1. Of all helices (runs of 4 or more DSSP H) completely enclosed by the stretch 1-87, which ones contain at least 3 residues that are of a type in the set (Ser, Thr, Tyr) and at pLDDT 90 or above?
2. Among the helices (runs of 4 or more DSSP H) lying completely within the stretch 147-220, list those that include at least 2 residues that are under 18 Å from the mean Cα position of the chain (by Cα).
3. Spot the failing condition for PHE328; the list is (1) modelled with pLDDT of 90 or more; (2) among the aromatic types (Phe, Trp, Tyr); (3) in contact with a Lys or Arg (Cβ under 9 Å, 6 or more places away or on another chain), and only one is missed.
4. Under 8 Å by Cβ, and 6 or more places apart or on different chains, what pairs join a residue from the stretch 209-238 that is touching a residue at least 60 places away in the same chain (Cβ under 8 Å) with one that is part of a strand (DSSP E or B) and among the basic types (Lys, Arg)?
5. Are any of the residues in the stretch 265-284 modelled with pLDDT of 90 or more, hydroxyl-bearing (Ser, Thr, Tyr) and touching a strand residue (DSSP E or B) at 6+ places or on another chain (Cβ under 9 Å)?
6. In the set GLY247, GLY242, GLY191, which member is surrounded by 14 or more Cβ atoms within 10 Å (Cβ to Cβ) and at positive phi?
7. Output the residue which, of all residues in the stretch 250-266 that are surrounded by 16 or more Cβ atoms within 10 Å (Cβ to Cβ) and of a type in the set (Gly, Ala, Ser), is nearest to SER214 (Cα to Cα).
Amino acid sequence: MEEEVNDHPIEEVRNTVPVTDDPSEPCLTFRVWVLGLSSCVFLAFVNEFFMYRTTQLSIGTVVVQIITLPIGRLMASTLPARRLRVGGWSFSLNPGPFSLKEHCLIIIFAGAGASGVYAMNIIAIVKVFYKRQISPYAAMLLAQTTQLLGYGWAGLFRKYLVDSAYMWWPSNLVQVTLFRAMHEEEKRNKGQLTRLQFFIMVMTCSFAYYIVPSYLFPAISTISVLCWLYRDSVTAQQIGSGASGLGVGSFGLDWNTVVGFLGNPLASPAFAIFNVMAGFALSTYVAVPILYWTDTYNAKRFPLVSSHVFNAAGGRYDTARILDPATFTLNLREYDAYGRINLSILFAINYGIGFAGLMSTLSHVALYHGTFGACGGRQRRSRRTAAARSAKTCTRES
């Protein structure tokens, strides 16, 4: 058999993702449905439950990737191979060894529930901050419609964001590497470790160390040197605190603190990390201090870092006071009498950057990749994309 040529234009993808395929491997099996649906429900519940912590604890699909491998192989060795018939459709409880494709599909199932539902923030805000009840049916419809809208947009932009060989997602390469380490046979050289052995060793050490910041010594999660040295100085707290200040001189020895905001830095290319660092430094260490200590828009009346809203005197803003209790709409007369809403300077800048980032993304795509969109996404495709497009999809007629 002629060896396949790895023609992907991105070096990281060439070194990680193989171009080979085995069409005989089982895919959508009984094991996939059982383990995939269970993983989706589990991650959705756990991540939604821990989302409301100050430092969010997020369980990613890598955990499911590790756990489902032995469970899948156990099911392959214990379940009977007989076929069950449901109406005109039949399936086998055990179609053979647990395959790589089954494992990938389980992770896709799990990923659907791992990211959480953004609409849950709306439901929580209505109940917690506005002290109002929302019908379970209305909450369910809100969550379902927003999720389905997201899947619809994903399908519409598939040829732009998936099919193109230049659209690669660094975080997915981590899982691809782990899949290969788990399923591919690797020859172990003398005195060296295989990829799977190295992964198990690192995972064991990480699990053992996690006990220290989580249970034995939580203070090392955020260590603020300036706050320890100048405990009575408000300015030192504002500059050095990692929780309520700029975090100068602060560091954390807890991996959850490191990945709590931007995710795993080991999976991102260097240019993306430095880009984020430069933007963060300009906004947090240049713009915020200048605006705060020059008292722009009375910034000193409010905390330096806070996500709450305040009145003109610096106290908490009573949002219920400016809302009509009957219609839950803004009461302009009460709003004019009570005063405008004020934000902390850092929160206000983050809001502005959020809107600017959205529009700058659209502008960047139009200026630098406008021809790609004008051509309908017709750009170079690698062998991987060609192999994927040769299979039947839910949007293509059989």
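The values are calculated or read from the model by the stated rules, or taken from the named source; none is laboratory data. Everything quoted here is computed from the prediction, not taken from an experiment. So basically every Cβ, Gly included, is an ideal-geometry build from the backbone, and we count neighbours across all protein chains shown.
1. 61-78
2. 170-183
3. Checking PHE328 against (1) modelled with pLDDT of 90 or more; (2) among the aromatic types (Phe, Trp, Tyr); (3) in contact with a Lys or Arg (Cβ under 9 Å, 6 or more places away or on another chain), the one that fails is (1).
4. none
5. no
6. Exactly one of GLY247, GLY242, GLY191 is surrounded by 14 or more Cβ atoms within 10 Å (Cβ to Cβ) and at positive phi, namely GLY247.
7. The qualifying residue nearest to SER214 (Cα to Cα) is GLY252.
Per-residue answers, yes or no, for (1) surrounded by fewer than 15 Cβ atoms within 10 Å (Cβ to Cβ); (2) assigned by TED's automatic domain parsing to the domain that holds LEU57:
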residue: GLY111; (1), (2): no, yes
residue: ASN121; (1), (2): yes, no
residue: LYS131; (1), (2): yes, no
residue: ALA139; (1), (2): no, no
residue: LEU149; (1), (2): yes, no
residue: GLY152; (1), (2): yes, no
residue: ALA165; (1), (2): no, yes
residue: SER171; (1), (2): yes, yes
